[in-house]
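The values are calculated or read from the model by the stated rules, or taken from the named source; none is laboratory data. All values derive from a computational prediction rather than experimental measurement. Cβ placement follows ideal geometry from the backbone for every residue including glycine, while neighbour counts extend to all protein chains displayed.
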Amino acid sequence: MYKLIQDEIIDKDEKIAFAKNLFSEAIENNKNIKQKAKSLMLFQLIFVLVISFGIGSISFAMMFYLCTMFDYFQLTTIKPIYISLTFLILGFALLIVALGMNFYNNDMGKEANFFEAFDKTVGWENVYKKYFDKYLANKDFMDFTLNLVKDFKEPISVSYSEYQRSIKFNSDIYYIDNVNSLNFIYKGSRVSFVIDTPVYARKSKNSMVFGTKWLVFGECKKFDNSYNGVVISKHSIGSESYKSESVEFNEHFYINLKSTDLRAPKFLNPKYVDSLIKLDYKKIGIIGYKNGIYAENVYTTNNYAKCIMGVASMFKKRVFSIKKIKLLLAQKLVEDFAIFLQSFNFIKENL
């Protein structure tokens, strides 16, 4: 999961407990959902057993044949090669069955059945809204909606060059309507948060890399579209770029406007600059303006288990208990809001 700073850990545990209780009530109080959850667990258990027996049969076939070559076994009635071939064929057959099960599960299987049943009977938005009402809703934060466009089943496989292009900050906010999103009204401005489809590529023969990009976008009343293209980044843009009055800000951030550009001091107003220097600059990639203000970041990892999936997405872990399902769902809900809040803080004071 996305790493939180140390002083958020206790708060995070309390939030996960609350979220877990929300999912627990939803699952336990609905026989259909509970049955779908049990069916999902059974399916995944059988899947693991089939793979285990398949690999075990192939390993046994190879070891048995090697042992007979050194006369460890003296079989007079059945030739060792026949026994090895039998287990070898059985092993590959089981792996083919496992491959088919995985294909079925990815396309229309037990996970899809569980999530569809949950959304139809309880509704993802209802659970997310209860969490929002508990921890975020106030006179400034209101009107939460969860827009479900599609499920994120697996990261997308791309070439390494495509991967590098995909995780670059390109100020592209137009995909915001094409993926699941959290939506709010903050002080009268519409705010949306998305986590884009994860991508992965083979970096080297023994290394895979996964990348996820997310973005928070807010309608901005302070600036008009003449500010389109303004970008604050963590990389130097040139000696002629505008410098704020904050030395600390200038150490970590750069704006792509020259010192003579009158838009620069308005965009980097003292209140906004002061809010930025209080945040962890490592937790943002770029801040910019394109028909509204946005903040964008990328998370990369070499571990699939740590890959961040889309908002309200399917978890891709083998689970063998309803308790574990509840925990994974709760962790994902808390993760979605945690990443949103960390990103939102970088644009909040300039809405």
Whichever residue in segment 253-267 is touching a residue at least 24 places away in the same chain (Cβ under 8 Å) and touching a strand residue (DSSP E or B) at 6+ places or on another chain (Cβ under 6 Å) and, among such residues, is surrounded by the most Cβ atoms within 10 Å (Cβ to Cβ)
ILE255
Out of (1) surrounded by fewer than 18 Cβ atoms within 10 Å (Cβ to Cβ); (2) hydrophobic (A, V, I, L, M, F, W, C); (3) at pLDDT 80 or above, the odd one out for ILE83 is which?
(3)
Take the residues in segment 212-259 that are hydroxyl-bearing (Ser, Thr, Tyr) and in a strand (DSSP E or B); name whichever of them is nearest to PHE337 (Cα to Cα).
THR212
All positions within segment 130-144 that are closer than 15 Å to ASN21 by Cβ and surrounded by 15 or more Cβ atoms within 10 Å (Cβ to Cβ):
LYS130, TYR131, TYR135
If you go through segment 284-293 one residue at a time, do you hit one that is crowded, with 20+ Cβ neighbours inside 10 Å, β-branched (Val, Ile, Thr), over 21 Å from GLY211 (Cα atoms) and in contact with a Gly (Cβ under 7 Å, 6 or more places away or on another chain)?
yes
Kindly indicate whether LYS271 is farther than 28 Å from THR145 by Cα, touching a residue at least 24 places away in the same chain (Cβ under 8 Å), more than 14 Å from the chain's Cα centre (by Cα) and surrounded by fewer than 15 Cβ atoms within 10 Å (Cβ to Cβ).
yes
Any residue in segment 179-190 that is touching a Cys at 6+ places or on another chain (Cβ under 9 Å), part of a strand (DSSP E or B) and modelled with pLDDT of 85 or more?
yes
